[in-house]
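The values are calculated or read from the model by the stated rules, or taken from the named source; none is laboratory data. The structure presented is a predicted model; accordingly, all values stated were derived computationally and were not measured. Cβ: placed from backbone, ideal geometry, glycine included. Neighbour counts: every protein chain shown.
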Amino acid sequence: MKLLKWSTAIILAVVIGIYLDKQPKPDIEFNKSQWLQNIDFSFNHRNQMIQDLMTNRLNKGMSYDSVISLLGEQTNIRTIKKNTIHYTIYSEYNLTEDELVGEHKLVIYFTPDSVVSNFKITRWQK
């Protein structure tokens, strides 16, 4: 009987832990050093900073050099389109198949004279 109680308590703790881990993390203020931090091919804080970045830091009319100074070099160079730069915000992987199944990116569009004309979050799902 005691073993059953302990087993139930452990299972409940694991379920609660998984639930809490899946909850959205609160937004945080943009911080360049955290933005650039890449741990195991994951930018852990970008998803939490993106709202502050897009609302308070990144502006239409900024120069290309100002954007690079703010955000660093782009991180998603395989899908570059003319007059755009891309930053990976969040990637989703199927660990069983070891494949990318989703990606969220910040895409910044520039005019021909290298001034920000627009920016948005794009989402790709397999």
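Right, Ile10: assigned to a helix (DSSP H, G or I) and at pLDDT below 70 or not?
Values: assigned to a helix (DSSP H, G or I): yes; at pLDDT below 70: yes.
Yes; evaluated as a whole, the condition is true for this residue.
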Looking at (1) in contact with a helix residue (DSSP H, G or I) (Cβ under 6 Å, 6 or more places away or on another chain); (2) more than 15 Å from Ile89 (Cβ to Cβ); (3) at pLDDT below 85, which is the one condition that is false for Leu4?
-> (1)
Would you confirm whether any residue within the stretch 49-70 is at pLDDT below 85 and part of a loop (DSSP other than H, G, I, E, B)?
-> no
Pair list, Cβ under 9 Å, 6 or more apart: the stretch 30-46 residue within 17 Å of His104 (Cα to Cα) and basic (Lys, Arg), other residue assigned to a strand (DSSP E or B) and modelled with pLDDT of 80 or more = Arg46/Tyr87; Arg46/Thr88; Arg46/Ile89; Arg46/His104; Arg46/Leu106
All-but-one check, Ile85 against (1) modelled with pLDDT under 85; (2) surrounded by 12 or more Cβ atoms within 10 Å (Cβ to Cβ), failing number (1)
